[in-house]
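A short write-up of the structure that comes next.
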C-alpha cells in the first residue's frame, strides 16, 4: 500500500469517527432536566423503589395485585368516590391529560383509583364512578391492612375514618404516583396537575 493510500484511509477513518460522534450526539436522548420536571410538578427518584405484593379487588370484581402494575406505565391516585373535591378534580384532570397525550403514550398509560374507603366503595360503586370520568380508568380497593401496606410503600398518607358517621370524609394525600412497566415506584406528580407541561414531559419519561 502506498503512502498516499494510507493517508486516504486514515483521513476516511477520521471522518467516519467524527460523523459517528455527531450522529450519536444528535440521536441520543436529551437528559431530563430535574429542575424543569419539578417545575412541572414531577419528582423522579434516582433509583426506582419496589412495590410489595398486595391483594385487593378491582372495580370489575376480579383480584387486583401489584402484578396489575406491570407491563405498562401507571398513574395511581388514592382517594374515594364520596370525596367532595380533590378526587373528582384530580380524575377530571387525569382524563384531560390523557386527551392531551400522543396516542402512543396514551395507549401505554393506565390510570387507577385506589379507594381508601372500602366500607362504601364496592366494586360496583367504583366502576360506576370511574365510568363517569373515563371508561378505561381502573379501580381497586380491599382489606384496610392491604391498602395501608400499599399506601405506605408509595408514601401516601391517609387517615382511616370514623365510619359511625354516615357522611364521613377521608383525609388523604393528593399526589399521583408514577409506576414504570417493571412495576416499580419511580416518582410522583404533585397537585395541582399542570396538564400542558405533563403532556410534554410524560412521553419523554415513558420513552424506552
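The values are calculated or read from the model by the stated rules, or taken from the named source; none is laboratory data. Please read these numbers as outputs of a predicted model, since none were measured by experiment. No Cβ is skipped: glycine too gets one built from the backbone with ideal geometry, and neighbour counts run over all protein chains shown.
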**Request:** Would you check if there is a residue in the range 139-147 being closer than 14 Å to residue 73 by Cβ and under 16 Å from the mean Cα position of the chain (by Cα)?
**Result:** no
**Subset of the range 155-183 (residues that are at pLDDT 95 or above and surrounded by fewer than 17 Cβ atoms within 10 Å (Cβ to Cβ))** = 155, 157, 159, 168, 169, 171, 181, 182
**Request:** Output the residue which, of all residues in the range 108-125 that are under 16 Å from residue 159 (Cα atoms) and assigned to a strand (DSSP E or B), is nearest to the chain's Cα centre (by Cα).
**Result:** 114
**Message:** Among (1) surrounded by fewer than 16 Cβ atoms within 10 Å (Cβ to Cβ); (2) without any contact (Cβ under 8 Å) to a residue 60 or more places away in the chain; (3) more than 18 Å from the chain's Cα centre (by Cα), there is one condition residue 152 misses while meeting the rest; what is its number?
**Reply:** (3)
